[in-house]
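Below is one structure, written out as structure tokens; comments come after it.
The values are calculated or read from the model by the stated rules, or taken from the named source; none is laboratory data. Because the structure is predicted, anything quoted here is derived from the model rather than measured. Heads up, the Cβs are rebuilt from the backbone with ideal geometry, glycines too, and the neighbour counts pull from every protein chain shown.
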Amino acid sequence: MTAERDSAYTPAYREPPLCLICGEALTVRLAKGRKSGKPFVMLICSRDGRHFRAFINYQPYVVEVIKRLEERQ
Ligand SMILES: [Zn+2]
């Protein structure tokens, strides 16, 4: 059971995620929901936003990303 759980947390790869179409690195952006006002994380293709756009709304994750971005500055 432990092995199964561990594999779920092992990243498939350690490189930054790439756009599936053009192979450009995905840019991480922070945005706020217009209605909710809650922050969310957006992953977007750095070449063309129509290629790939992903949204992460899970608040504990978003809070952690914001924390790390602030620590970098
Ligand atoms: Zn792309």
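Values computed for the structure shown
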{"read-out": "Residue in the stretch 33-53 that is nearest to the ligand (Cβ to nearest atom), counting only those that are in contact (Cβ under 8 Å) with a residue 24 or more places away in the chain and part of a strand (DSSP E or B)", "value": "45"}
{"read-out": "Tally of residues being modelled with pLDDT of 90 or more and assigned to a helix (DSSP H, G or I) across the stretch 54-66", "value": "6"}
{"read-out": "Among the candidates 30, 18, 43, residue that is surrounded by 12 or more Cβ atoms within 10 Å (Cβ to Cβ), at pLDDT 85 or above, touching a Lys or Arg at 6+ places or on another chain (Cβ under 9 Å) and not acidic (Asp, Glu)", "value": "43"}
{"read-out": "Members of the stretch 30-48 that are within 13 Å of residue 19 (Cα to Cα) and among the basic types (Lys, Arg)", "value": "47"}
